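Reviewing the structure listed below.
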């Protein structure tokens, strides 16, 4: 293969697989001809970068041209699910930090108390929405008897990821810093087991990654869990997103899921407001309890970004 | 909806490239490279490959152009009836603006 063709083939890899399947061969030809005529042209590279990104956003249901029929709604709902997964991972990490503080002493500031109550309420609502969203998907899977190949693989990914998270999370929850003597008689806002599980699930969301020496002093099992748990969380989110994209959900179910998505976005906003009120207030109690750190600011930024992405996805779920 | 008035105005920043592509295809079916050369020759605009294909894919999705079968990697495209209608409406609207602008220039500026 001549040099321009090799360069063209490399550039085309930036486009998503679905796009390449349809336009890849002819686009590579055009790019190769253009490269032969103008070997160095930063505008062409920038153009490929921008339009490739647009094609990726379009395939993800987030921007660019709309996909055909129900594909757009399915892709956008899957993107919303991904944004929600990132939001909940960052949010649960912040929430569990507050719960650790609450387990040891009453909240020292009004901001911490309001934030914890708001976030706990919002998480409970997320749980209700998750059950409502999973019901029609589960029903469709059960009715099909897991016959379709790609759906079966995605369902298996969801089940395996869930098993890893539940078994590993329950095991690692034993090391929860809320366990031990409790000078405060009311013993927290939520049951210790729930708080500990939330803490264990998001153990990887920590500023220790920026301090490798301190991180290496952790027990090996904890370090392994900090690597495995995000992979399992990503597997769960990916499996669910693939299920939504591949199952032939009816227009009615897609509209129902979009309505739940709007409620989820509102719930994300409530949760984010709670977390922000605590982080921005900055005050903390005795010792390190209820003290927001750099990781909480980073989590807040991640949540805000996830909410923005989720909102953008929601705007494109309209399907008739 | 293919062929509806103002279809090209929904293309945003790709409305210009889409108009150029449709105008080129109005003269006959062409593949990507031939389109690029033809547009350069009649409009003096060299469309970057990514922009050209983004506009092509949007036009195809709306049914304004269609791909023809090809034996090699270069696939030719041709204008559809809906594309011809959309192009005609778009160019007539542009001509209306051009006519008004030219008339006012002549009246107010003597040009």
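Read-outs: derived from the displayed coordinates by stated rules, not from any lab. Predicted model, so just to flag it, every value in this text is computed and none were measured. Here the Cβ is made from the backbone with ideal geometry for all residues, glycine too, and neighbour counts use every protein chain on show.
Miscellaneous remarks
- Legend: P(r) of region B:7-109 from all alpha carbon pair distances, 10 Å bins from 0, whole percents, reading 15, 45, 27, 10, 3, 0.
- Oblate is the label for region A:3-59, because a/c, from the alpha-carbon gyration tensor with a ≥ b ≥ c as root eigenvalues, is 1.5 or above and a/b does not exceed b/c.
- Ascending count of other beta-carbon atoms within 10 Å, so fewest first, for B:53, A:256: A:256, B:53
- Taking 0.36 nm per residue of sequence separation and removing the Cα-Cα distance, the residue A:163/residue A:140 pair yields an extension gain of 6.1 nm.
- Calculated mean residue ellipticity at 222 nm for chain B: -19500 deg cm²/dmol, from DSSP H runs with n ≥ 4 weighted as -39500 (n - 2.57), summed, divided by the residue count and rounded to 500.
- FRET efficiency, residue A:9 to residue A:57 (Cβ-Cβ, R0 30 Å, nearest 0.05): 0.85
- Between 0 and 90°, nearest 10: helix A:70-104 axis offset from chain A longest Cα axis: 20
- By the Stokes-Einstein formula, at 0.890 mPa s and 25 °C, region A:17-101 with its Kirkwood radius over alpha-carbon pairs has D equal to 154 µm²/s.
- A Förster radius of 22 Å, combined with the Cβ-Cβ distance separating residue B:91 from residue B:29, puts the computed FRET efficiency at roughly 0.65.
- Chain A: angle of helix A:17-37 to the longest principal axis, Cα-based, in degrees nearest 10: 60
- Shielding by partners, peptide B:52-59 (average Cβ within 10 angstrom, other chains): 6
- Helix A:3-12 vs. chain A, principal-axis angle (Cα, 0 to 90°, nearest 10): 40
- Most mobile listed residue (A:20, A:74, A:40) in chain A, GNM with C-alpha springs under 10 Å: A:40
- Mean ellipticity per residue at 222 nm, deg cm²/dmol - from DSSP H runs of n ≥ 4 across chain A, formula -39500 (n - 2.57): -26000 deg cm²/dmol
- At full extension, residue A:37 and residue A:25 could sit 2.4 nm farther apart than now, given 0.36 nm per residue minus the alpha carbon distance.
- Calculated SAXS-style log₁₀ I(q)/I(0) at q = 0.07 Å⁻¹ - chain A, Debye, Cα scatterers: -0.36
- Once the Cα-Cα distance is subtracted from the 0.36 nm per residue extended length, the residue B:15 to residue B:111 segment shows a gain of 31.6 nm.
- Springs join every pair of Cα atoms under 10 Å in this Gaussian network model of chain A, and among A:227, A:117, A:160 the largest mean-square fluctuation is at A:227.
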